[in-house]
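Peer 1: One structure is given below, represented as structure tokens, and several questions about it will come after.
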Amino acid sequence: MAQLRIALAQTNPTVGDLDGNAGKLLAWTRDAADRGAHLVVFTEMFLTGYPVEDLVLRTSFVEASIRTLRETAVRLREEGLGELPVVVGHVDRANLAPRVGQPKGAPLDAAALLWRGEVVTCTAKHHLPNYGVFDEYRYFVRGDRLPIFRLHGVDVAVAVCEDLWQDGGPVAVVGQAGAGLLVAPNASPYEKEKDDVRLELCARRAREAGCALVYVNQVGGQDELVFDGDSIVVDASGRLVARAGQFREELLTVDLDLPVSEARAGRFPYDAGDGSTITVDRIVLSSDPVAPYPPEPSGVAERLDPHAEVYSALVLAVRDYVAKNGFESVILGLSGGIDSALTATIAADAIGPDRVHVVLMPSRYSSDHSIGDAEELVRRQGVHSRVVPIADIVNAFEKEIDLSGLSAENLQARVRGMILMGLSNEHGHLVLTTGNKSELATGYSTLYGDSAGGFAPIKDVPKTMVWELARWRNEHTDPSFRLQAGRPIPENSITKEPSAELRPDQRDTDSLPPYEVLDRLLDDYVEKDMGSAELIAAGHDPALVTRVIRLVDLAEYKRRQYPPGPKITPKNFGRDRRLPITNRWRETTTG
């Protein structure tokens, strides 16, 4: 057996910032070298960030990725780090002739081995995911090469992300060809209710490949996606050896005892077990094992509880959206209700209360307790606040145009949206919308009113979970949160009956069923794609099924115009769920 110390670089790249990401790679590699690592593994497409979407169809972008990769290899050598091998994800290009149906330029979701100033070898993702949030048939061609490099006597194979999640392909080939270690750069997004599928997956693939497995996952927010890290190391039996934390950057080092290989170098084809052939490239970096050394204890970070996971995902998503898009501050309307209270708290935890601005915009229908609850939140959190009464502004509109009923209610919401957008333009704030998933599902939001903004932190959070997260946050904190003391959300904002307060004595239940009933139905219709007959068979009230389906289907045009927000459920409104706006299909109990 031979010892190797592996450094897992659980990092937070920025899409398109090739120079910045390369600089981070050098800094983290230097840290790994200082810790005595023999190999550093970065995440999937780390140099370019992930996902890059249609950027990958630009020749200039792909060429920049390849150029940056080569330059980074040289910089590692020049800075005295050339002897430490680095595995890093990037965008590459396949040498394929153009053809119809193939992505422009034949891009590859690739991973390279950098050593001694050179790009020694590359591989590319073989299995291309094309489900949920993934569209990789649109962007990439699949790889058909599997590098296995010998490092201090140990054969190390490289497979990229989805190649672990699908049967056959690189893992099957590793099992045939043999290796002492399989490293897998990943960019696997977070969603709740995954349980511990990653650990189970890594354990199963390690047993199939017959070797230890290092799974290195991205962390950070990228538009609607949040990556939670949670990098994992298992031995050949599938036993957990080390695990990084969630929602934080971390350089995790682990010492492994691995078998010494005497397999000959060269190029060998293997049946991948999925109808394709994968060519194994065996190369030798160093054959002699390192001198024995005392291993360091491996760390296994404790998993967060379900509410902590979701809340941490929302905080990280807001923090990165603000930072990566160059905003200095955020602004939102604070009504005293639970949705705006939770949104303000997430923002303050993400970027600090001194960068959060709230506007209280009471109307003629605003209750005293709503104004008081909003003021109490400001006092508890120390965010910036101002009061802009809207009654006279609404009156000015109504003098010029005759509006009544729902039109008059929506006018109030649109005046508030106009005020927030005006302050955004004046001061450069990012406007945060405060709508939750239950409201978006049923169309219970006003276009160009409460939907006006640039980012929607709780867009994918059902109303019942909004309350759960608020209660959880009042009882917990985390070192990464900017607010540390006290209970940030007033109790009355949590316990009072929800109301938009756009007409006298208005309650949400005037227009919607109780949220605990509504959210169960929405989960089955939206998340599970049940038809009406299935919903009724599942125990939902037939009249309510008909009513809610109609609300959801007619609101599609509104959701298309809503700002992006972090995905935390298995199926969000956005990348996951894409229905036509112009659509005459209607669910029936027999249809």
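Peer 1: Scan segment 174-193 and tell me whether some residue there is assigned to a loop (DSSP other than H, G, I, E, B), surrounded by 24 or more Cβ atoms within 10 Å (Cβ to Cβ) and of a type in the set (D, E, K, R).
Peer 2: No: zero hits.
Peer 1: Further question on the same structure: Determine whether segment 220-236 contains at least one residue that is of a type in the set (D, E, K, R), assigned to a strand (DSSP E or B) and closer than 30 Å to TYR293 by Cα.
Peer 2: No: segment 220-236 contains no residue that is of a type in the set (D, E, K, R), assigned to a strand (DSSP E or B) and closer than 30 Å to TYR293 by Cα.
Peer 1: So, of the residues in segment 65-83 that are of a type in the set (Ser, Thr, Tyr) and either surrounded by fewer than 18 Cβ atoms within 10 Å (Cβ to Cβ) or touching a strand residue (DSSP E or B) at 6+ places or on another chain (Cβ under 7 Å) (or both), which turns out to be nearest to GLU118 (Cα to Cα)?
Peer 2: Only one residue tops the list, namely THR72.
Peer 1: What single numbered condition from (1) in a helix (DSSP H, G or I); (2) crowded, with 24+ Cβ neighbours inside 10 Å fails to hold for ARG204?
Peer 2: Of (1) in a helix (DSSP H, G or I); (2) crowded, with 24+ Cβ neighbours inside 10 Å, only one is false for ARG204: (2).
Peer 1: Tell me which residues, restricted to segment 1-32, are within 24 Å of GLU296 (Cβ to Cβ) and either out of contact with any strand residue (DSSP E or B) (no Cβ under 8 Å at 6 or more places or on another chain) or of a type in the set (Phe, Trp, Tyr) (or both).
Peer 2: LYS24, LEU26, ALA27, TRP28, ARG30
Peer 1: Between a first residue in segment 572-587 that is over 15 Å from LEU440 (Cβ atoms) and a second residue that is assigned to a loop (DSSP other than H, G, I, E, B), which pairs have beta carbons less than 6 Å apart while being 6 or more apart in sequence or on different chains?
Peer 2: GLU587/GLY531
Peer 1: When segment 237-258 is examined, which residues are found to be touching a strand residue (DSSP E or B) at 6+ places or on another chain (Cβ under 7 Å), over 13 Å from VAL216 (Cβ atoms) and open to solvent by 30 Å² or more (accessible area, probe 1.4 Å)?
Peer 2: Selection gives LEU240, ARG248, ASP257.
Peer 1: Would you confirm whether any residue within segment 287-301 is over 23 Å from GLN10 (Cα atoms), touching a residue at least 40 places away in the same chain (Cβ under 8 Å) and of a type in the set (A, V, I, L, M, F, W, C)?
Peer 2: Yes, segment 287-301 contains at least one residue that is over 23 Å from GLN10 (Cα atoms), touching a residue at least 40 places away in the same chain (Cβ under 8 Å) and of a type in the set (A, V, I, L, M, F, W, C).
Peer 1: Among the residues of segment 11-64, write down those that are surrounded by fewer than 17 Cβ atoms within 10 Å (Cβ to Cβ), in contact with a helix residue (DSSP H, G or I) (Cβ under 9 Å, 6 or more places away or on another chain) and at positive phi.
Peer 2: Once the filter is applied, which keeps residues that are surrounded by fewer than 17 Cβ atoms within 10 Å (Cβ to Cβ), in contact with a helix residue (DSSP H, G or I) (Cβ under 9 Å, 6 or more places away or on another chain) and at positive phi, segment 11-64 yields GLY16, GLU53.
Peer 1: So ILE458 passes all but one of these: (1) open to solvent by 30 Å² or more (accessible area, probe 1.4 Å); (2) modelled with pLDDT of 95 or more; (3) assigned to a loop (DSSP other than H, G, I, E, B). Which condition number does it fail?
Peer 2: Tallying (1) open to solvent by 30 Å² or more (accessible area, probe 1.4 Å); (2) modelled with pLDDT of 95 or more; (3) assigned to a loop (DSSP other than H, G, I, E, B), ILE458 fails exactly one: (1).
Peer 1: Hey, another quick one. Just for segment 386-407: of the residues that are under 19 Å from LEU420 (Cα atoms) and among the small types (Gly, Ala, Ser), which one is surrounded by the fewest Cβ atoms within 10 Å (Cβ to Cβ)?
Peer 2: Of everything passing the filter in segment 386-407, ALA396 is surrounded by the fewest Cβ atoms within 10 Å (Cβ to Cβ).
Peer 1: Also, I was wondering about something else. Here is a list: THR442, THR433, THR446. Which entry is in contact with a Ser or Thr (Cβ under 9 Å, 6 or more places away or on another chain), crowded, with 20+ Cβ neighbours inside 10 Å, among the hydroxyl-bearing types (Ser, Thr, Tyr) and under 25 Å from TYR321 (Cα atoms)?
Peer 2: Only one candidate qualifies: THR433.
Peer 1: Can you say whether ARG319 is in a strand (DSSP E or B) and either in contact with a His (Cβ under 6 Å, 6 or more places away or on another chain) or of a type outside the set (Asp, Glu) (or both), as far as the supplied structure shows?
Peer 2: no
Peer 1: Quick one: in segment 563-591, which of the residues that are open to solvent by less than 20 Å² (accessible area, probe 1.4 Å) and over 13 Å from LEU522 (Cβ atoms) is farthest from the chain's Cα centre (by Cα)?
Peer 2: If we take residues in segment 563-591 being open to solvent by less than 20 Å² (accessible area, probe 1.4 Å) and over 13 Å from LEU522 (Cβ atoms), then PRO563 is farthest from the chain's Cα centre (by Cα).
Peer 1: Which of the residues belonging to segment 377-428 are of a type in the set (Ser, Thr, Tyr) and assigned to a helix (DSSP H, G or I)?
Peer 2: Selection gives SER407, SER424.
Peer 1: Quick one: in segment 411-424, which of the residues that are of a type outside the set (Gly, Ala, Ser) and open to solvent by 30 Å² or more (accessible area, probe 1.4 Å) is nearest to GLY443 (Cα to Cα)?
Peer 2: Residue satisfying both the conditions and the ranking: ARG414.
Peer 1: State which residue pairs qualify: first residue farther than 17 Å from THR72 by Cβ and inside segment 103-132, second residue of a type in the set (A, V, I, L, M) and surrounded by fewer than 23 Cβ atoms within 10 Å (Cβ to Cβ) in any location, beta carbons under 6 Å apart, and separation of 6 or more residues or different chains.
Peer 2: LYS104/LEU57; ALA106/ALA94; ALA106/LEU96; ALA106/VAL141; LEU108/ALA94
Peer 1: Residues in segment 355-373: is at least one open to solvent by 10 Å² or more (accessible area, probe 1.4 Å), within 29 Å of the chain's Cα centre (by Cα) and either without any contact (Cβ under 8 Å) to a residue 60 or more places away in the chain or within 30 Å of SER312 (Cβ to Cβ) (or both)?
Peer 2: Yes: one or more hits.
Peer 1: Do we have any residue at all in segment 515-523 that's open to solvent by 30 Å² or more (accessible area, probe 1.4 Å) and within 23 Å of the chain's Cα centre (by Cα)?
Peer 2: yes
Peer 1: Then there's this: If a residue has to be more than 25 Å from HIS90 (Cα to Cα), small (Gly, Ala, Ser) and touching a Phe, Trp or Tyr at 6+ places or on another chain (Cβ under 7 Å) to count, how many in segment 149-199 make the cut?
Peer 2: So the count comes out to 1.
Peer 1: If ALA543 satisfies all but one of (1) open to solvent by 30 Å² or more (accessible area, probe 1.4 Å); (2) in contact (Cβ under 8 Å) with a residue 24 or more places away in the chain; (3) over 20 Å from the mean Cα position of the chain (by Cα), what's the number of the condition it fails?
Peer 2: (2)
Peer 1: Something else: Does GLU534 satisfy being over 30 Å from ASP349 (Cα atoms), surrounded by fewer than 19 Cβ atoms within 10 Å (Cβ to Cβ) and over 25 Å from the mean Cα position of the chain (by Cα)?
Peer 2: yes
Peer 1: Report yes if PRO98 is farther than 24 Å from ALA37 by Cα and surrounded by 16 or more Cβ atoms within 10 Å (Cβ to Cβ), otherwise no.
Peer 2: no
Peer 1: Next question, about the same structure. So in segment 116-129, with the set limited to residues that are over 10 Å from GLU162 (Cβ atoms) and outside any strand (DSSP E or B), which one is most open to solvent (accessible area, probe 1.4 Å)?
Peer 2: ARG116
Peer 1: Here's a follow-up. Condition test on GLY89, is it open to solvent by less than 30 Å² (accessible area, probe 1.4 Å), within 23 Å of the chain's Cα centre (by Cα) and not acidic (Asp, Glu)?
Peer 2: So GLY89 passes the test.
The values are calculated or read from the model by the stated rules, or taken from the named source; none is laboratory data. All values reported here derive from a predicted model rather than from experimental measurement. A quick note on method: Cβ atoms are made from the backbone with ideal geometry, for glycine too, and the neighbour counts reach across all protein chains shown. In case anyone asks, the SASA skips ligands and DNA or RNA and just uses the protein heavy atoms, side chains included. Shrake-Rupley method; radii C 1.70, N 1.55, O 1.52, S 1.80 Å.
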